[in-house]
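First comes the structure, then the notes that go with it.
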Amino acid sequence: MLLFDLLAGTTFYDPVGGGDPVLYQHFFWFYSHPAVYVIILPVFGIFSELFPVYARKPLFGYVYVSLASFIIVGLGLIVWVHHFFTSGVPQWMRNLFMVNTMLISVPTGVKVFAWLGTLWRGKIRLTTPMLFCLGGLFNFVFAGITGVMLATVPVDIHVSNTYFVVGHFHYVIYGAAVMGIFAAIYHWFPKFIGRMPYEGLGKLHFLLTFVGANLNFLPMHPLGLMGMPRRVSSYDPEFAFWNVLASLGAFLLGVSIIPFLLNMISAWVRGPKATHNPWNAIGLEWLLPSPPAEDNFGEHVPVVISRPYGYGLGKPLVEHQAELEQALRAAELQEVSR
Amino acid sequence: MTTTYPSPSAPEEHGGEHEKNNLTGFIIFLCSESVIFLAFFSGYALLKTSALDWLPAGVEGLEWHMPLINSVVLVSSSGTIYLAERAKTRGSLWGFRGFWLLTMALGSYFLYGQAVEWSGLEFGFTSGTFGGTFYLLTGFHGLHVATGVGLMTLMLIKSFIPGNYNGGEQGVQATSLFWHFVDVIWIILFLLIYVWQRS
């Protein structure tokens, strides 16, 4: 429709011809708000998958965690107006979308508390993937709090188009989503490549990322409250202090990629060989050699007999699991002795 | 690295499951299609209710008798495609082809009627938001009708390949679903554009 407006001479968004520019914002965010959920929902899945492995406990409230995903998807379709509360939107619409947006914090809160419940009294192993998960969860909770603030219409009108908004979504995207993806990379790297990433480099990477991200994005919140607008390349001297801090954080974040790349490349080339299940995790992929053969199980597809995330319950996941693992271990020993 | 696995207790056949999944994918596609149409419909309603002068100068309103006949044609084609599918499940391939061809004819008549209507209108695509939304909605829907007729042609040709419909019938099912979908969209469109004339 924008294309028609620009090329064919229609006036869908042109007020001169009876069109409505806000309609464009509606269309844009009606699509784009659910689209940002596409970024974060897989990371929720990563958290749900990894916390049980490194806390040695079943996922707390499995049914509610998965139900919450569906509720988030449903609610995510009816919150798009919160992106433009300040553009001539009728008051009833603002109220409706404020309430809808705040409702999202209920299913996400369910997830957060389920993850905390998984960690509660678990045997926590602070491996690199677990550190990234914990850091990501911390940042996500912070982003959730500023998210509820932004959903409130009066607050949003005050900080709209300032660095507060920038800080909020960077906490979600880098603080939570990217860190969750890093956790997943470290977790499944042995399975993909067949070699273990180095823990020392991984922890250094985590430290630099976590400190860097918080140093970079936290100052954006006071800046936004002070009124620094986004999408402007320069800033007034009064904003200098927080901006210098944020820049330092940005440099740290940039540097944090170096140990990551170093780790990935050197582990790929000459890292220690990974066993079929280096994290002692429960799941079908961990009943395959690392890296798995083409066509995974081939003719012998195992039959799953118990529920997922059965950590600490002592039940086998599939039929004949003991024989399967013994065969894998025997093959690994053979490999070592060769 | 080779590993010998103990044989599982019961080898299972997975073929049937995958076929169902293909149709699920098509249903998800239809869901996303309906979201696009929903956006168009709500945009139309918003522009119409907020407009000061909805109709362009010299236009009194839309003539609705011919479109009504068109609607009846399209709605009845949903019935004939159902009959075609039923004939196929009963094993009568010629019955299927007959009703299928009838559906195609009805669909083509609809497109013809749409073309006649368009050529007789005194406003164009650029005649304000009224003209813009009218041609956008009917045009986008017309494209779907044309796609449906194209898919049906493809399925008709496939029906002459010997043994083609022994089991794998998702193409026909998907086309029929698509056709019902296009039909329902038209009913909403007809109500919005032709019945709801006074703003």
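Since every read-out is calculated from the coordinates, none of them should be taken as a lab result. The shown structure was predicted, so the numbers you read here are calculated from the model rather than taken from an experiment. So basically every Cβ, Gly included, is an ideal-geometry build from the backbone, and we count neighbours across all protein chains shown.
For a test of the definition: using alpha carbon positions, the gyration tensor, and the 1.5 limit on a/c, classify region A:28-71 as rounded, prolate or oblate.
Oblate shape, in that a/c is at least 1.5 and b/c is the bigger or equal ratio.
Can you run phi through the Karplus equation (6.51, -1.76, 1.60; θ = phi - 60°) for region A:230-237 and list ³J(HN,Hα) in whole Hz, with x for Gly and Pro?
8, 6, 10, 6, 10, 9, 6, x
Listing A:R56, B:R90, A:R94 from the residue with the fewest other Cβ atoms within 10 Å to the one with the most, what is the order?
Taking fewest neighbouring Cβ atoms as first place, the list is B:R90, A:R56, A:R94.
Just rank B:T126, B:T80, fewest to most, by other beta-carbon atoms within 10 angstrom.
Neighbour counts put them in this order, fewest first: B:T126, B:T80.
In degrees from 0 to 90, rounded to the nearest 10, what is the angle of the helix A:179-193 Cα long axis to the longest principal axis of chain A?
Once rounded, one gets 30 degrees.
How many Cβ atoms of partner chains, on average, are near each residue of A:14-26 if near means within 10 Å of its Cβ?
Mean shielding count: 4.
Give a residue-ordered list of calculated ³J(HN,Hα) values for region B:176-191 (Karplus: 6.51 cos²θ - 1.76 cosθ + 1.60, θ = phi - 60°; whole Hz; x for Gly, Pro).
Result, ordered by residue: 5, 4, 4, 5, 4, 4, 4, 5, 4, 4, 4, 4, 5, 4, 4, 4 Hz.
Along region B:53-61, what does the Karplus equation 6.51 cos²θ - 1.76 cosθ + 1.60 (θ = phi - 60°) give for ³J(HN,Hα), rounded to whole Hz, x for Gly and Pro?
10, 6, 7, x, 4, x, 9, 8, x
Most fluctuating residue of A:V89, A:V153, A:V53 in a GNM of chain A with Cα springs under 10 Å: which is it?
Among A:V89, A:V153, A:V53, the largest GNM mean-square fluctuation belongs to A:V89.
Would you mind checking the tilt of helix B:65-89 against the longest principal axis of the Cα atoms of chain B, expressed as 0 to 90 degrees and rounded to 10?
For B:65-89 against chain B, the angle is about 10 degrees.
Rounded, prolate or oblate: which one fits the protein assembly as shown, using the alpha carbon gyration tensor with axes a ≥ b ≥ c (rounded when a/c is under 1.5, else prolate when a/b beats b/c, else oblate)?
oblate
Going highest first, how would you order A:77-87, A:249-259, A:134-144 by mean Cβ packing within 10 Å?
A:134-144, A:77-87, A:249-259
For chain A, take the longest principal axis of its alpha carbons; what is the angle in degrees between that and the long axis of helix A:128-151, to the nearest 10 within 0 to 90?
Helix A:128-151 sits at roughly 20 degrees to that axis.
Between A:R230 and residues 5 or more places away or on another chain, which pairs have amide H atoms under 5 Å apart, with H built 1.01 Å from N, and which residues are they?
A:T162, A:Y163
In deg cm²/dmol and to the nearest 500, what is the mean residue ellipticity at 222 nm of chain A if only DSSP H runs of at least 4 residues count, each as -39500 (n - 2.57), divided by the residue total?
When only DSSP H runs of four or more count, the value is -21000 deg cm²/dmol.
Pairs of alpha-carbon atoms within less than 8 angstrom and 6+ residues apart define the contacts here; what relative contact order does region A:208-250 have, in percent?
66
Quick one: which residues, 5+ away or cross-chain, put their amide H under 5 Å from the amide H of A:H276? H built at 1.01 Å from N.
Close amide H contacts, sequence-distant or interchain: A:S290.
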